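Single-structure report; data block below.
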Amino acid sequence: MAFLPVRRARRCLLVVAVALLVAAAGTACTDDGGDELVIYSGRNQNLIRPLLDEFARDTGIDIRVRYGDTSELAPTILEEGDNTRADVFFSQDAGALAALGDAGLLAPLPRPLLDRVDRRFRDPDGRWTGVTARARVIAYNTDRIAEADLPPSALALAEPAWRGRVGVAPTNASFVAYVSALIEEIGEDRTRAFLEGLRANGVKEYDNNVLILDAVASGEIDLGLTNHYYLYGEFKERPDAPVANHFPGQGPEGEGTFVNVAGVAVLAASEQTEQARRFVDYLLSEKAQEYFRDETTEYPLAAGVAAIPELPPIAGLRTIDVPLDRLGRDLSASLELIKDVGLT
């Protein structure tokens, strides 16, 4: 991945091998950014580039953004340590933020910023905060499956009835975080059995959630484990796509739906702390929260901005209530478990 300039055009390329959470990940660096705010973004460029452009225009702060998978960028920051070029890390999931916090690489955020987000969705030690939330759902093809026939639990997807009909993105950060949550909720043995059941069922593997939604919409697969908001991205491309979201685990015996966050942190090594905190403040502003609600259809987390009416309120969902700061302890183990059962 390359640093993509938002307001300037300097660029060079350096390939770095990283093998902490991924077997190998190609990365690239720019020259010293000077007074620029350097953002490592695990959020997709197509989703958030317009908002970052607005931040630069609104604040006059020059920014330089490095886009990549969260599961690539988090170990890159760990490898760089106190020499990291990043001032801010905008992560796709809480587990990566928690891992960096546990490694002592994050600076505490001011209390007024933290207090804008419910405690459930921020670090108890104040090192990072959620910006938006997403539910881990089963997307299904409405032409091929009736709502009444949907599995009550995501764990049921490992049963023979769903052989060859399910898709996952096994090395995607969202899936890895989901596996971490399952380990915390139901234990490693049951989680391993679930993953082994998926593989034995001939689960189809994809590189990312967008491809899963496309495959569900086209009828290539009947169901896919993904995040709720990808459905609305599919509708923008194909308003008549025969796809809907199913929130699993809602019955009295269900394990619940996993709700994760995309979040942000300031690096302890940053020399642009004030600008970095302004960026966090911007992400939690009404303007940015409404952008996420309207453009990415995630759940806004800052107080005062509601989700789109099509989404069930988080407060009304039965959820996997694993403290998000615990997910960082399990990321490497979760990825190793996924690899061990042959899902990569």
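Let me know the Rg and Dmax you get for the stretch 167-285 when you use only its Cα atoms, in Å.
In order Rg, Dmax, the Cα atoms of the stretch 167-285 give 17.8, 51 Å.
Can you list the residues, at least 5 places off or on another chain, whose amide H is less than 5 Å from the amide H of ALA244, using H built in the peptide plane?
Close amide H contacts, sequence-distant or interchain: TYR140, THR142.
Take the alpha-carbon centre of the stretch 34-58, take the same for the stretch 86-137, and report the distance between them in whole Å.
Going from one Cα centre to the other spans 18 Å.
At GLU79 and ALA103, where each label point lies 7 Å from the Cα along Cα→Cβ, what is the point-to-point distance in nanometres?
1.0
Which lysines have a Cα less than 17 Å from the Cα of LYS339, not counting those fewer than 8 places away in the same chain?
Cross-link targets: LYS204.
Return the distance in nm (one decimal) between the two label points of a simple spin-label model at ASP207 and ASP281, each offset 7 Å from Cα along Cα→Cβ.
Calculated label separation equals 3.9 nm.
Between rounded, prolate and oblate, where does the stretch 266-344 land on the alpha carbon gyration tensor, with a ≥ b ≥ c its root eigenvalues, rounded for a/c under 1.5, else prolate if a/b exceeds b/c?
Oblate, since a/c reaches 1.5 and b/c is not below a/b.
If you consider only alpha-carbon coordinates, what radius of gyration and Dmax does the stretch 99-146 have, in Å?
17.0, 50
Thinking of the stretch 181-240 as a set of Cα atoms, what percent of all their pairs are more than 20 Å apart?
39
Round to the nearest 0.05 the FRET efficiency obtained for LYS236 and LYS339 when R0 = 30 Å and r is the Cβ-Cβ distance.
0.30
If R0 is 41 Å, what FRET efficiency do you get for ARG111 and SER218 from their C-beta distance, rounded to 0.05?
After rounding, the FRET efficiency stands at 0.25.
What value, in deg cm²/dmol to 500, does the helix sum -39500 (n - 2.57) over DSSP H runs of n ≥ 4 give at 222 nm once divided by the residues of the chain?
About -9500 deg cm²/dmol.
If you project the alpha carbons of the stretch 51-203 onto their three principal axes, what span does each projection cover, largest first, in Å?
Between the extreme Cα coordinates on each principal axis of the stretch 51-203 lie 55, 34, 28 Å.
As an exercise, use a Förster radius of 35 Å and the Cβ-Cβ distance of ASP149 and ALA315 to find the FRET efficiency, rounded to the nearest 0.05.
Approximately 0.80, to the nearest 0.05.
Cα to Cα, under 22 Å, and not fewer than 8 places away if on the same chain: which lysines meet these conditions relative to LYS236?
The qualifying lysines are LYS287.
Ranking LYS204, LYS287 by Cβ neighbours within 10 Å, fewest first, what do you get?
Lowest to highest Cβ neighbour count: LYS287, LYS204.
Only the coordinates and a few stated rules stand behind these numbers; no lab work does. Not measured: the values here are computed from a predicted model. So basically every Cβ, Gly included, is an ideal-geometry build from the backbone, and we count neighbours across all protein chains shown.
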